[in-house]
1. If you scan segment 22-47, which residues turn out to be under 18 Å from ALA87 (Cα atoms), of a type outside the set (Asp, Glu) and out of contact with any strand residue (DSSP E or B) (no Cβ under 8 Å at 6 or more places or on another chain)?
2. Applying the selection to segment 145-168, what residues are among the hydrophobic types (A, V, I, L, M, F, W, C) and not in a helix (DSSP H, G or I)?
Amino acid sequence: MTQSPLEARFWSHVNKNGPIPEHVPELGQCWNWTGKPTNSGYGQFQIRSISLSAFVSSRAAWYFTYGVIPELCVLHKCDNRLCCNPAHLFLGTRGDNARDAIAKDRPVVGHKGSRNGFAKLTESTVRAIRSSYQKGVLGCGYIALSKKYGVSMSCIRSIISGRTWPHIQ
């Protein structure tokens, strides 16, 4: 079967000689995306002829291999965000994706507190920040707390006001 120009362009950005994932060597080599990645580390494939301006490369790999993707996520058995090897991909819900991440001890976006993959602080640190501020400890204003804990003043302000970390008392 011949490839469309779009499909040929996609596969021209895939290196089929990628690493073998250590935790699942039986999968064989990852096929790494060599084009532009997204800010979150996934491959990005621009498609101007489709109403979507960009595909994550793993979704494009699934589409070109298996066809239309239902309203599901394309997940990686290999945990390599740049991998486009169709044998490493599987479909699942957002819940499946979160459970897969938890099972593999990866951070999960959307979780509260320190279980969120982007958290810089822990629950105990947030309690210490609020306690220091509420007790009026000398030198524990926004500036001092932001320097002490390595976060911005707006982060400290949001913690103290309860806009962030609202589940911590």
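Quick note: the coordinates plus some simple rules give every number you see, no bench work behind them. Values in this document were obtained by computation on a predicted structure and should not be read as measured data. Backbone-built Cβ (ideal geometry, glycine too); neighbour counts: all protein chains shown.
1. If the condition is that a residue be under 18 Å from ALA87 (Cα atoms), of a type outside the set (Asp, Glu) and out of contact with any strand residue (DSSP E or B) (no Cβ under 8 Å at 6 or more places or on another chain), then HIS23, VAL24, PRO25, LEU27, GLY28, GLN29 are the ones that fit.
2. Matches in segment 145-168: VAL151, TRP165, ILE168.
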